[in-house]
Amino acid sequence: MELSFVAPRAVAPTTRAAASGAASAAGRSTRSADQQVLRGVPPQGSKVLVAALLLAGSSRRVFRRRCRSGRAAAARPDARSGRGKHVRPITQRQGQVMDKVEKKEEKKDAHAITAEKKEQAPEAVAEAADAADAAVVGSGSPESAVFFQMEKVAEEHLPSCGGFAWCNTSMPLEQRVDLLVKELTPEEKILQLSNDLFGGVPAIERVGLQSYNYIREAAHGVLLRGGRPQATSFPQVVAMAASFNRSLFRRVGRAVGREARYLQDVGVMWGDYLGRYGGLVLQFNVNLFRDPRWGRGQETPGESPELTGAFAEAYVRGIQTPLPGKTTPQAAASCKHYAAYSFEGGPTELNRTTSMRHTVPGYSNVSRHNEDAVVSRRDFLESYDEPWVSCVKAKALGVMCAYNQVNGVPSCGNQRLLRKLLREKWGFEGVVVTDCDSISDMYALQKYRSTPSATIRAALAAGTDVSCSP
């Protein structure tokens with residue numbers, strides 16, 4: 001839950017009973033809010049929780065000050081009655097103990113301030129990296145010169161979409177999309193929802209629409225299945241993450257996005273735009289490495305939600321670095337596999353049969369294609385959601401939903417995950433692509449709906465945009 005911290009009004013209890021009552025009420029409010037969060041029910045408002053926490057802290061500070069002032073004013077006459085207050089004098093030893101406690105509290109406050117500054121540091125690092133990137137691009141370096149040349153040549157080789165109204169690049173994007181959709185028949189729209197892993201969605205030459213592939217593997221470099229030039233292979237993600245270096249994550253992401261753009265330009269020039277070079281939606285793994293038997297831990301930043309979130313945010317920002325002199329990102333970053341995915345189930349007969357839809361009697365038939373990840377609300381809040389919140393915060397343009405079910409509901413048909421959390425609560429505005437053949441898994445293995453068409457409708461209603469199939 002994100003909390004909006006606001007400046008509280010000064011709270012100064014006039015009596016010990018009032019202060020004690022305020023602290024007690026704050027404690028009750030805090031416990032109540034915490035219990036609601038653990039149950040997955042949002043409290044009445046983030047301001048209630050914040051005010052309770054601030055009030056409890058201010059009450060402690062008031063008590064400390066009053067105790068300290070009590071030593072000097074133990075025999076101070078009451079202005080109203082003229083009689084001395086009945087305050088027990090504080091011994092020197094008690095005063096020393098109270099001083100130590102107060103210093104410890106002040107040290108905690110200093111640590112809290114330092115932690116808050118560290119939280120703001122990534123933004124400063126990101127801004128500095130953007131400035132450095134802009135300086136490199138504008139410096140006339142060999143790198144930027146080659147890139148500019150490739151972009152220019154590729155634009156000259158791009159196939160024209162003809163004289164259709166949606167081809168007018170001076171119009172707002174949303175208006176162009178509306179015009180294009182009006183031109184398509186229902187059959188053509190359906191074809192645009194099915195992405196072949198090796199070929200993408202088909203072209204529709206009738207309206208000047210080219211093919212596009214929504215899945216390009218780019219965990220630590222662009223995966224290029226054959227062909228030249230070869231892309232750079234950076235260290236495995238788990239090794240990069242061990243550096244705890246946000247600027248490194250961002251720089252590697254920037255290089256990966258730049259190479260993906262370059263390879264697409266090569267594909268345009270060589271006439272292989274529709275094949276292995278096409279597409280700029282770069283997929284990378286932000287799942288938690290919770291069990292070494294998984295076999296894919298090297299793809300991930302590790303077992304820490306915080307580190308995984310930091311890597312995801314920096315890597316997305318790097319991949320989506322704007323093109324030189326433009327606001328358009330050089331490529332699109334897509335985080336996978338959403339959500340609670342860290343199980344392959346191999347070696348099992350289900351993963352080794354010719355058709356992964358077949359089960360074999362007498363063998364273990366549990367795999368990533370039909371696993372049900374049972375995740376409590378607390379575990380999801382404390383572990384699984386942080387990498388995805390970080391991806392959305394960095395404005396990732398893509399998310400891949402996973403094969404597995406989460407608490408009995410397929411990830412790619414889960415309205416709570418895709419619509420309520422991802423889009424409505426976190427603010428994701430990109431495209432949701434399925435892992436390849438997830439829709440088939442929903443129907444054939446997970447038995448989510450009784451017919452293929454009903455399964456597809458459920459996935460679309462949940463928030464899935466494009467289905468991938470091998």
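Scanning the stretch 419-442 for residues that are open to solvent by 30 Å² or more (accessible area, probe 1.4 Å), out of contact with any strand residue (DSSP E or B) (no Cβ under 8 Å at 6 or more places or on another chain), over 16 Å from Ser334 (Cβ atoms) and part of a helix (DSSP H, G or I) turns up Arg419, Lys420, Glu424, Lys425.
Each row is one residue, and each column tells you yes or no for (1) under 17 Å from the mean Cα position of the chain (by Cα); (2) among the β-branched types (Val, Ile, Thr); (3) farther than 25 Å from Gly200 by Cα.
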| site | (1), (2), (3) |
| --- | --- |
| Ser383 | yes, no, yes |
| Gly398 | yes, no, no |
| Gly408 | no, no, yes |
| Gly413 | no, no, no |
| Arg416 | yes, no, yes |
| Val433 | yes, yes, no |
| Asp437 | no, no, no |
| Asp441 | no, no, no |
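Open to solvent by less than 50 Å² (accessible area, probe 1.4 Å), part of a helix (DSSP H, G or I), in contact with a strand residue (DSSP E or B) (Cβ under 8 Å, 6 or more places away or on another chain) and of a type in the set (Gly, Ala, Ser) - does that describe any residue in the stretch 229-250? Checked the stretch 229-250: no residue is open to solvent by less than 50 Å² (accessible area, probe 1.4 Å), part of a helix (DSSP H, G or I), in contact with a strand residue (DSSP E or B) (Cβ under 8 Å, 6 or more places away or on another chain) and of a type in the set (Gly, Ala, Ser). Checked against the criteria, Gly413 counts as touching a strand residue (DSSP E or B) at 6+ places or on another chain (Cβ under 9 Å) and surrounded by 17 or more Cβ atoms within 10 Å (Cβ to Cβ). Taking the stretch 289-298 as the range and being among the small types (Gly, Ala, Ser) and surrounded by fewer than 15 Cβ atoms within 10 Å (Cβ to Cβ) as the test, only Gly295 passes. For the stretch 268-288, taking the residues that are modelled with pLDDT under 95, in a loop (DSSP other than H, G, I, E, B) and not charged (D, E, K, R), the one that is most open to solvent (accessible area, probe 1.4 Å) is identified as Leu274. The residues of the stretch 396-418 that are under 14 Å from Gly463 (Cβ atoms) and part of a loop (DSSP other than H, G, I, E, B), listed by number, are Ala402, Asn414. When the stretch 369-393 is filtered for residues that are open to solvent by less than 10 Å² (accessible area, probe 1.4 Å) and over 21 Å from Glu303 (Cβ atoms), only His369 remains.
Residue-level check: of (1) at pLDDT below 90; (2) more than 21 Å from Gly398 (Cα to Cα); (3) aromatic (Phe, Trp, Tyr), Tyr262 misses just (2). Those residues that are without any contact (Cβ under 8 Å) to a residue 12 or more places away in the chain, closer than 26 Å to Arg261 by Cβ and surrounded by fewer than 13 Cβ atoms within 10 Å (Cβ to Cβ), I need them from the stretch 149-174; list them, please. Selection gives Gln149, Lys152, Glu155, Glu156, Asn168, Thr169, Ser170, Pro172, Leu173, Glu174. Counting the residues of the stretch 201-252 that are modelled with pLDDT of 95 or more and either within 30 Å of Leu184 (Cα to Cα) or in contact with a Lys or Arg (Cβ under 8 Å, 6 or more places away or on another chain) (or both) gives 1.
Only residues that are in contact with a Leu (Cβ under 9 Å, 6 or more places away or on another chain) and either crowded, with 24+ Cβ neighbours inside 10 Å or of a type in the set (Phe, Trp, Tyr) (or both) were counted in the stretch 299-329, giving 6. Exactly one residue among Val222, Val201, Val207, Val237 is closer than 24 Å to Val433 by Cβ and free of Cβ contacts under 8 Å to residues at least 60 places away in the same chain, and that residue is Val207.
The values are calculated or read from the model by the stated rules, or taken from the named source; none is laboratory data. Keep in mind it's a predicted model, so treat the numbers as computed, not measured. Glycine gets a Cβ as well: all are built from the backbone with ideal geometry, and neighbour counts include every protein chain shown. Protein only, heavy atoms only, side chains kept; ligands, DNA and RNA dropped before computing areas. Shrake-Rupley method; radii C 1.70, N 1.55, O 1.52, S 1.80 Å.
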